[in-house]
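Engineer: The following block contains the structure, expressed as structure tokens.
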Amino acid sequence: MVDYPVLRYEHAAHSQEKGEYRHFMLKEIHEQPAAIANTLEGTQGEDHVLTAILGLEAETRLKDLQNIHIVACGTSCHAGLVARYWIEDQAGLPCQVEVASEYRYRQVAVPANTLLIAISQSGETADTLAALRYAKQQGYLASLAICNVAGSSLVREADWRLLTKAGPEIGVASTKAFTTQLVALLWLTTALAQVKDRAPEMISANVRALKGLPRLVEKVLHLDQHIEELATTFANKHHALFLGRGPHYPIAMEGVLKLKEISYIHAEAYAAGELKHGPLALVDENMPVVSVAPSDSLLEKLKSNLQEVGARGGQLITFACERVDMDEGEGITYLKLPWVYEAVSPIVYTVPLQLLSYHVALVKGTDVDKPRNLAKSVTVE
């Protein structure tokens with residue numbers, strides 16, 4: 001008979017209580033500045049990241065890395081899709097992202113020296129865990145788990161691990177677990193760029209931006225009341241479109257998922273440039289169109305797409321950088337966010353979409369923390 005040690009994970013009592021908040025989801029949205037700071041604690045120097053935290057021999061073996069494969073489900077997959085933009089742009093490595101439930105049932109062609117990254121909030125997601133086990137037979141350079149639970153199956157079975165420190169998340173719709181995954185993935189991108197001897201000024205800029213991220217998210221949370229007022233426009237709506245470009249396209253996908261999960265409104269996300277290839281036919285006064293418009297290299301393209309919506313009488317809600325010049329008009333609402341460094345922009349722009357979904361759900365009168373038909377951790381196929 002083998003005796004296995006019993007591991008006990010203890011969290012502060014306030015993690016299980018709503019406190020001053022009406023719902024756990026709202027509490028967890030407002031906990032994001034602290035969760036981000038906790039996730040970054042001990043991971044960075046003044047102008048570099050500490051790659052040794054990934055695991056034994058990680059820094060040495062990452063020098064041979066030539067490709068990245070990411071597997072995940074749901075919200076975690078959206079985090080992976082954002083990371084693909086970061087990794088290819090900053091680290092110069094080809095990156096492929098797949099839904100774990102599809103990846104595990106096909107014959108995967110694995111290029112030489114490929115890292116497998118498995119992302120899961122709980123570390124017990126059945127499809128992601130099975131994908132990791134399948135991947136171990138496919139000849140990957142190594143596997144890395146990004147997870148919020150230190151003793152989970154995913155963390156124990158991966159070669160390396162990168163822990164998020166969001167703390168317990170009670171609400172079924174993931175909020176702080178998602179943003180801390182994004183933080184971990186941007187940190188990882190910076191680590192890969194550092195190992196590959198990419199531009200040192202970019203690496204130090206990422207480090208500075210990550211350090212300032214909790215303060216920026218805190219500023220965005222102050223928009224809560226304005227977003228609550230916006231939510232009333234969804235009261236009688238049954239459908240919505242969300243638009244984004246570049247790494248903000250997966251953020252639009254995440255915004256759609258949150259809206260569907262807790263308000264039961266049907267919504268779809270599109271890369272904004274795809275609007276004219278079909279979805280524009282849906283746009284009218286009964287179809288709210290939500291977009292994110294940071295001040296980045298794709299802004300002018302996005303403006304053109306939004307003008308197409310306005311010209312067809314669509315009800316447009318845009319979360320825009322305060323430096324972006326956009327005029328409001330009938331059926332067009334802009335909410336200003338602070339300017340942010342481009343790399344951390346997807347993390348910051350996630351927060352207003354979370355708040356919008358939350359307040360729309362309140363208007364609709366749904367169960368915010370326990371939406372119908374859903375479980376917090378999907379441990380079955």
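The values are calculated or read from the model by the stated rules, or taken from the named source; none is laboratory data. These numbers come from a predicted model, not from an experiment. Here the Cβ is made from the backbone with ideal geometry for all residues, glycine too, and neighbour counts use every protein chain on show.
Engineer: Residue check: is I68 assigned by TED's automatic domain parsing to the domain that holds Y85 and either out of contact with any helix residue (DSSP H, G or I) (no Cβ under 6 Å at 6 or more places or on another chain) or assigned to a helix (DSSP H, G or I) (or both)? Break it down stepwise before answering.
Structural biologist: Values: assigned by TED's automatic domain parsing to the domain that holds Y85: yes; either out of contact with any helix residue (DSSP H, G or I) (no Cβ under 6 Å at 6 or more places or on another chain) or assigned to a helix (DSSP H, G or I) (or both): no.
So I68 does not fit the description; no.
Engineer: Go over the candidates A166, A131, A199 one by one and state the one that is buried (at least 24 other Cβ atoms within 10 Å of the Cβ) and more than 17 Å from the chain's Cα centre (by Cα). Break it down into steps so the answer makes sense when it comes.
Structural biologist: On the way: A166 fails: more than 17 Å from the chain's Cα centre (by Cα); A199 fails: buried (at least 24 other Cβ atoms within 10 Å of the Cβ).
Exactly one residue qualifies, and that residue is A131.
Engineer: Suppose we filter region 134-160 for residues that are over 17 Å from A100 (Cα atoms), surrounded by 22 or more Cβ atoms within 10 Å (Cβ to Cβ) and of a type outside the set (S, T, Y); how many remain?
Structural biologist: Number of matching residues: 1.
Engineer: Something else now. Any residue at all in region 32-46 that is modelled with pLDDT under 90 and among the hydroxyl-bearing types (S, T, Y)?
Structural biologist: We begin by selecting, within region 32-46, every residue modelled with pLDDT under 90; these are none.
Within region 32-46 (the criterion being modelled with pLDDT under 90 and among the hydroxyl-bearing types (S, T, Y)), the answer is no, since none of the residues qualifies.
Engineer: Taking region 224-251, which residues are among the hydrophobic types (A, V, I, L, M, F, W, C) and crowded, with 19+ Cβ neighbours inside 10 Å?
Structural biologist: I227, L230, A231, F234, A240, L241, F242, L243, I251
Engineer: Every residue in region 22-31 that is out of contact with any Phe, Trp or Tyr (no Cβ under 9 Å at 6 or more places or on another chain) and either outside the structural domain of V149 (by TED's automatic domain parsing) or at pLDDT 95 or above (or both), please. Give the derivation first.
Structural biologist: From region 22-31, those out of contact with any Phe, Trp or Tyr (no Cβ under 9 Å at 6 or more places or on another chain) are 22, 24, 31; that's our starting set.
F24, E31, listed by residue number.
Engineer: Next question, about the same structure. Looking at region 39-59, which of its residues are under 21 Å from A118 (Cβ atoms) and of a type outside the set (A, V, I, L, M)?
Structural biologist: T39, T43, T51, G55, E57, E59
Engineer: Could you list all residues from region 100-109 that are buried (at least 16 other Cβ atoms within 10 Å of the Cβ) and part of a helix (DSSP H, G or I)?
Structural biologist: Going residue by residue through region 100-109, those that are buried (at least 16 other Cβ atoms within 10 Å of the Cβ) are 100-101, 103-104, 108.
Passing the criteria: A100, S101, Y103.
Engineer: Within region 56-65, track down each residue that is part of a loop (DSSP other than H, G, I, E, B) and farther than 15 Å from T190 by Cα.
Structural biologist: Within region 56-65, the subset part of a loop (DSSP other than H, G, I, E, B) is 56-57, 63-65.
Answer for region 56-65, where residues must be part of a loop (DSSP other than H, G, I, E, B) and farther than 15 Å from T190 by Cα: L56, E57, D64.
Engineer: Here's something else I'd like to know. Can you say whether R312 is among the basic types (K, R), surrounded by 17 or more Cβ atoms within 10 Å (Cβ to Cβ) and touching a helix residue (DSSP H, G or I) at 6+ places or on another chain (Cβ under 9 Å), as far as the supplied structure shows?
Structural biologist: Values: among the basic types (K, R): yes; surrounded by 17 or more Cβ atoms within 10 Å (Cβ to Cβ): no; touching a helix residue (DSSP H, G or I) at 6+ places or on another chain (Cβ under 9 Å): yes.
No: the conditions fail for R312.
Engineer: Let me confirm something: among S153, S143, S101, which residue is of a type in the set (S, T, Y), in the same structural domain as A83 (by TED's automatic domain parsing), out of contact with any strand residue (DSSP E or B) (no Cβ under 7 Å at 6 or more places or on another chain) and at pLDDT 95 or above? Spell out the reasoning first.
Structural biologist: Values: S143 fails: out of contact with any strand residue (DSSP E or B) (no Cβ under 7 Å at 6 or more places or on another chain); S101 fails: at pLDDT 95 or above.
From the options S153, S143, S101, the qualifying one is S153.
Engineer: Could you please find all residues in region 36-65 being buried (at least 16 other Cβ atoms within 10 Å of the Cβ) and among the basic types (K, R)?
Structural biologist: R61
Engineer: Considering only residues that are among the aliphatic types (A, V, I, L, M) and closer than 22 Å to H78 by Cβ, which ones fall in region 105-125? If you could, list the steps in order and put the result at the bottom.
Structural biologist: Step one: list which residues in region 105-125 are among the aliphatic types (A, V, I, L, M), which gives 108-110, 112, 115-119.
Matches in region 105-125: V108, L115, L116, I117, A118, I119.
Engineer: Restricting the search to region 43-62, which residues are free of Cβ contacts under 8 Å to residues at least 40 places away in the same chain and small (G, A, S)?
Structural biologist: A52
Engineer: Might you let me know whether region 78-99 holds any residue that is more than 20 Å from the chain's Cα centre (by Cα), part of a helix (DSSP H, G or I) and surrounded by 20 or more Cβ atoms within 10 Å (Cβ to Cβ)?
Structural biologist: no
Engineer: Can you tell me how many residues within region 153-173 are in contact with a Leu (Cβ under 9 Å, 6 or more places away or on another chain) and among the polar types (S, T, N, Q)?
Structural biologist: 1
Engineer: Keeping to region 298-332, report how many residues are at pLDDT 85 or above and in a strand (DSSP E or B).
Structural biologist: 6
Engineer: Free of Cβ contacts under 8 Å to residues at least 60 places away in the same chain, in contact with a Pro (Cβ under 8 Å, 6 or more places away or on another chain) and of a type outside the set (F, W, Y) - does that describe any residue in region 72-79?
Structural biologist: Within region 72-79, the first condition is being free of Cβ contacts under 8 Å to residues at least 60 places away in the same chain, and the residues that meet it are 72, 77.
Now restrict to residues that are in contact with a Pro (Cβ under 8 Å, 6 or more places away or on another chain): none.
The answer is no; no qualifying residue exists.
Engineer: Go through region 137-245 and tell me which strands (runs of 3 or more DSSP E), entirely inside it, have 1 or more residues that are in contact (Cβ under 8 Å) with a residue 12 or more places away in the chain and among the polar types (S, T, N, Q).
Structural biologist: Numbers: elements: 142-147, 160-163, 239-244.
Of the strands (runs of 3 or more DSSP E) lying wholly inside region 137-245, those with at least 1 residues that are in contact (Cβ under 8 Å) with a residue 12 or more places away in the chain and among the polar types (S, T, N, Q) span 142-147.
Engineer: Suppose we filter E88, E102 for residues that are within 21 Å of I251 (Cβ to Cβ) and acidic (D, E); which single one remains? Quick ask: steps written out before the conclusion?
Structural biologist: Values: E102 fails: within 21 Å of I251 (Cβ to Cβ).
Step by step, each of E88, E102 is checked, and only E88 is within 21 Å of I251 (Cβ to Cβ) and acidic (D, E).
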